[in-house]
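*Asks:* Dumping the structure here so I can ask a few things about it.
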Amino acid sequence: MGWVDQGRQKHGYFGHGIADIGHQQQLRGQASYYNLPGNNMANGKPYDGNALNAAMLHVPLGTKVRVTSLRDPSKSIEVTVTDRGPYVSRRIIDLTPKAFEALFGSTRSGVGPVIVQVPGR
């Protein structure tokens with residue numbers, strides 16, 4: 001069982017597709033964006049909505065993950081996990097507005113389907 005699976009089992013975080021792919025794990029689900037100017041993130045640094053950062057619950061802070069839009073699979077970005085979240089059911093990653101816009105063109109929709117590739121440990 002991979003470390004993401006262990007965290008999901010420990011915290012009751014089920015319902016999202018996850019698969020081991022060699023030395024990485026792939027999660028499929030919904031991404032959302034979050035905007036918290038003036039707040040510090042879980043890593044202790046100030047939130048920057050113009051950075052390519054993300055919040056995930058069970059991935060170590062500082063990990064770089066690849067996020068691919070399922071609406072347009074040609075749109076893929078690398079983000080750094082700097083915060084914890086999302087805390088909404090069925091969402092697997094919260095992105096900064098800049099990262100969300102890179103995948104979906106704007107923040108208007110609020111959520112979008114993605115695949116997140118997490119490097120193995």
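Bear in mind these aren't lab numbers, they're just calculated from the coordinates by the rules spelled out. Since this is a predicted model, take the numbers as computed values, not measurements. All Cβ positions, even for glycine, are placed from backbone atoms using ideal geometry, and neighbour counts span all protein chains on display.
*Asks:* Loop-only check: which chymotrypsin sites (Phe, Trp or Tyr not before Pro) in the range 62-111 are DSSP coil with at most 12 other Cβ within 10 angstrom?
*Replies:* Working: sites: TYR87, PHE100, PHE104; in loops: TYR87.
Counting only loop positions with at most 12 other Cβ atoms within 10 Å, the chymotrypsin sites (Phe, Trp or Tyr not before Pro) in the range 62-111 are TYR87.
*Asks:* Spelling out what I want: for every residue of the range 25-36, take phi, set θ = phi - 60°, compute 6.51 cos²θ - 1.76 cosθ + 1.60 (Karplus), and round to whole Hz; glycine and proline get x.
*Replies:* Once θ is set to phi - 60°, the couplings for the range 25-36 become 10, 10, 10, 10, x, 9, 9, 9, 10, 9, 9, 10 Hz.
*Asks:* Further question: Taking θ = phi - 60°, what integer Hz values does the Karplus form 6.51 cos²θ - 1.76 cosθ + 1.60 yield along the range 67-72, in sequence order, with x for Gly and Pro?
*Replies:* Ordered by residue, 3J(HN,Hα) equals 10, 10, 6, 7, 6, 9 Hz.
*Asks:* Using θ = phi - 60° and the Karplus form 6.51 cos²θ - 1.76 cosθ + 1.60, what ³J(HN,Hα) does each residue of the range 82-89 get, whole Hz, x for Gly and Pro?
*Replies:* Using θ = phi - 60°, the values come out as 10, 8, 10, x, x, 10, 10, 3 Hz.
*Asks:* Put a dot 7 Å past each Cα toward the Cβ at VAL88 and ALA42; how far apart are the dots in nm?
*Replies:* 1.8
*Asks:* First check a/c for the range 79-121, with a ≥ b ≥ c the square roots of the eigenvalues of its C-alpha gyration tensor; if it is under 1.5, answer rounded, and if not, answer prolate when a/b is larger than b/c or oblate otherwise. Intermediate results must be reported in sequence, preceding the final value.
*Replies:* Working: a/c = 1.71, a/b = 1.41, b/c = 1.22.
In terms of gyration-tensor shape, prolate.
*Asks:* Tell me the trypsin sites (Lys or Arg not before Pro) within the range 50-102 that lie in a loop according to DSSP and have at most 14 other beta-carbon atoms within 10 Å.
*Replies:* Numbers: sites: LYS64, ARG66, ARG71, LYS75, ARG84, ARG90, ARG91, LYS98; in loops: ARG71, LYS75, ARG84, ARG90.
Sparse-neighbourhood loop trypsin sites (Lys or Arg not before Pro): ARG71, ARG90.
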